[in-house]
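Reviewing the structure listed below.
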Amino acid sequence: MGHHLPDRVVTNHDLSRLMDTSDEWIRERTGIVERRFVDEGTSCTDLAEAASRKALDRAGWSVDDVDFILFATLSPDLYFPGNGVLLQTQLGMGHVGALDLRTQCTGFVYALATADAYIRSGMYRRILVVGAEVHSRGLRMTNEGRDTAVLFGDGAGAACVEAVDGEGLLAHALHGDGAHALDLCIRKPGLGSSPFISPEQIEAGDTAPSMNGREVFKNAVRRFPEVIAEVLEKAGHTPEELDFLVPHQANARITEAVRSRMGMPEEKVASNIHRYGNTTAGSIPIALSEAVEAGQVKRGDLVCLAAFGAGFTWAASLLRW
Ligand code: UT7
């Protein structure tokens, strides 16, 4: 695992100078204290490159060892092509395939499950799996955008995935419900309606995230325990056997509700939302990478990664670290 966050720290107080919000409101509702924003000139692919280099280094792989790239993001550098090929070139790799995944908060879990399936099938041996976002450029730093602007941050995480002897990735569960697509989305640029994008649409906030926060919250609190139970059952494990849970970092209150419903102690549940906000596809690999660095996740631990977000999509992976 490797992760990378931009250096620039943006506090709740900083945001309260740009829009009608407060440190108290943000902390109480979300647990977020600060987040990281990129400086001008840094792209999502740049963050991904830094995280990938750390992961490659820790795995003892050279860039030539990678057979395939899976890149999860909702904030790509270009409308097309996706960030996968940009990362391949920036890392100085050969002409390996690169696939971009668009499942937002569950992007890393979907990508990990995809990597597992490719490796088990024998199609690839070594896959670089990346989740990265630059949200800061797409948020509306105004009163109209305050409901989502305070939630998101920039960052990237990466994993080197290869076959191992014995246990590794044990089970995955991937779900979606498109009936909720508009409860959390960015409408433009999109070709579902005309025009591609207009000044009026930008003014109306169509290029920034729009969210039905209560609906997202309600569904997240229900789906997290459900999907965690599903992967545990698939792999023949009980909740008591779980050594560490890495939930997607969207809101400390969601994490707390899931943790208490599962009866897990605080030290067994990853939480870094206070420092980084919601980094969407970056959130799980950043949190897992930090937990490994801090010794919270040790060799042989049973670890569950779980996410819920836009789509709606929800997903979990169970693994033996
Ligand atoms: O990865 C998945 C992505 N998202 C999530 O998981 C988010 C899930 N949802 C949530 O975490 C919560 O719904 C939020 C934290 C986003 C919002 O909390 P809430 O308790 O649902 O607040 P609300 O949207 O009902 O808004 C309450 C009030 C409103 O004012 P009135 O109508 O009561 O006068 C908002 O206008 O808070 C106001 N408000 C704000 N006030 C200060 C909304 N955003 C802000 C803000 N600062 N940034």
If N is the number of residues in the chain, what value comes out of its Cα radius of gyration divided by 2.2 N^0.38 Å? 0.95
Once the convex hull of the alpha carbons of region 169-320 is built, what does its volume come to per residue, in cubic angstrom? 121 Å³
Taking a probe of 1.4 Å, how large is the accessible area per residue of region 169-320, in Å²? 43 Å²
Around Arg259: net Lys/Arg minus Asp/Glu count, Cβ-Cβ under 11 Å: 0
Explain nothing, just compute: Karplus ³J(HN,Hα) = 6.51 cos²θ - 1.76 cosθ + 1.60, θ = phi - 60°, for every residue of region 22-38 in order, whole Hz, x for Gly and Pro. 8, 4, 4, 4, 5, 4, 5, 7, 10, x, 7, 10, 8, 9, 10, 10, 5
From phi via Karplus (6.51, -1.76, 1.60), per-residue ³J(HN,Hα) for region 223-230 in Hz, x at Gly/Pro: 6, 4, x, 4, 6, 5, 4, 5
Residue by residue through region 209-222, what is 3J(HN,Hα) from phi via Karplus (6.51 cos²θ - 1.76 cosθ + 1.60, θ = phi - 60°)? Round to whole Hz and write x for glycine and proline. x, 10, 9, 8, x, 5, 5, 4, 4, 4, 5, 4, 4, 7
Asp67: net charge of surrounding residues, Cβ under 11 Å, Lys/Arg +1, Asp/Glu -1, itself excluded? -1
Please list, ordered by chain and number, the residues whose modelled amide H lies under 5 Å from the amide H of Leu170; skip anything fewer than 5 residues away on the same chain. Leu318, Leu319, Arg320
Report the calculated FRET efficiency for Arg137 and Leu174 (r = Cβ-Cβ distance, R0 = 25 Å), to the nearest 0.05. 0.30
Let me have the 222 nm mean residue ellipticity of the chain computed from DSSP H runs of 4+ only, each contributing -39500 (n - 2.57), with the sum over all residues rounded to the nearest 500. -10000 deg cm²/dmol
Theoretical gain in end-to-end length, Arg299 to Phe80 [0.36 nm per residue, Cα-Cα removed]: 74.9 nm
Scoring only Lys, Arg, Asp and Glu (+1, +1, -1, -1) among other residues with Cβ under 15 Å from the Cβ of Pro239 yields -3
Non-local amide H neighbours of Val269 (under 5 Å, H modeled in plane, Pro and chain starts lacking H): which ones? Leu245
Tell me the label-point distance for the pair Arg222, Asp14, using the 7 Å Cα-to-Cβ offset, in nm and rounded to one decimal. 3.7 nm
Taking a straight Cα-to-Cα line shorter than 27 Å from Lys298, and setting aside same-chain lysines fewer than 8 residues away, one finds Lys54, Lys234, Lys268
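The values are calculated or read from the model by the stated rules, or taken from the named source; none is laboratory data. What you are looking at is a predicted structure, and each value in this text was computed from that prediction instead of being measured. In this analysis, Cβ positions are derived from the backbone assuming ideal geometry, glycine residues included, and neighbour counts consider all displayed protein chains. Protein only, heavy atoms only, side chains kept; ligands, DNA and RNA dropped before computing areas. Shrake-Rupley method; radii C 1.70, N 1.55, O 1.52, S 1.80 Å.
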